[in-house]
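Below: one structure, written as structure tokens.
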Amino acid sequence: MKRFTRIAMRFLLMLENVVNKLINRLAIPYDGGVHVKHRLMRYHDFFVDRIAPGERVLDIGCGYGAVAYSLAMRAGALVTGVDLNEANVEKARSKFHHPNLTFVHGDARTNLPAGPWDVLVLSNILEHIDRRVPFLTGLQQGLHPSRMLIRVPMIDRDWRVPLRAELGMFHFGDPTHFTEYTAESFEKELIEAGLTIRHVQYNWGEIWAEVMPAQFSGALS
């Protein structure tokens, strides 16, 4: 009986993956070309509220540009969005227009626009990087931001995540993820990278954090 139950659970969870992919695909045209999660989760607000007019912002892994556009339009920032996928960059350029907004093609690990930058935005990006501590250290050394705004998925967001692992299934939310976080593992990784958490909140099974290099943190204390 238990063996049958395990097989049935694996089948249903695989079916759930297929259904979720279809839902996510339809969620973009459903809301006029921007995934409906942007509107319902309101995570743009987290970034907008922490950026001042005129600040120079680099949105790393900007996708098709929705967050970058919000930062230019609502926060009044000078924003450059960079993405590895050229199709995303072209879509962003065609969909979002603002005098303070630029989109460029580049690899976050090797080819980012030269600064200086006041703020780096990494919205659902870190989990796609395999060597994250060197990556974060390199961003600080090469771009000299005063702070970073980071959004990452939590691995303990739902009971089905450890169930998938228990059943021998891939249990991250996306096959391109190298990691997903607990509050403790996120803080540990930032400390290793020489970053300090200035503000953190947990929403929708995600971590949203404002972090800064240690030298800036010391200046505020």
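Every read-out reported here was derived from the displayed coordinates using simple, explicitly stated rules and does not represent laboratory data. These numbers were taken from a predicted model, which means no experiment stands behind them. Cβ coordinates were reconstructed from backbone atoms using ideal geometry, including for glycine residues, and neighbour counts include every protein chain displayed.
For every other residue with a beta carbon closer than 10 angstrom to the beta carbon of residue 212, add +1 if it is Lys or Arg and -1 if Asp or Glu, then tell me the sum.
Here the charged neighbours net out to +1.
Antiparallel as a % of all DSSP beta bridges within the range 42-135, to the nearest 5?
0
Given the pairs 37/95; 95/188; 2/188, which are separated by over 29 angstrom at their Cα positions?
Pairs exceeding 29 Å: 95/188; 2/188.
Can you give the helix-only mean residue ellipticity at 222 nm for the chain, where every DSSP H stretch with n ≥ 4 adds -39500 (n - 2.57) and the sum goes over all residues, rounded to the nearest 500 deg cm²/dmol?
Calculated mean residue ellipticity at 222 nm is -13000 deg cm²/dmol.
With r as the distance between the Cβ atoms of residue 141 and residue 200 and R0 = 25 Å, compute the FRET efficiency 1/(1 + (r/R0)^6) and round to 0.05.
0.60
So which chymotrypsin sites (Phe, Trp or Tyr not before Pro) in the range 105-195 pass both tests, a DSSP loop state and at most 15 other Cβ atoms within 10 Å of the Cβ?
When the chymotrypsin sites (Phe, Trp or Tyr not before Pro) of the range 105-195 are filtered for loop state and at most 15 Cβ neighbours within 10 Å, 159, 170, 178 remain.
What is the antiparallel percent of DSSP beta bridges lying wholly in the range 42-220, to the nearest 5?
Approximately 40 percent, going by the DSSP bridge assignments.
How long, wide and thick is the range 52-211, going by the Cα atoms along their three principal axes, in whole angstroms, largest first?
So the three principal-axis extents are 50, 33, 28 Å.
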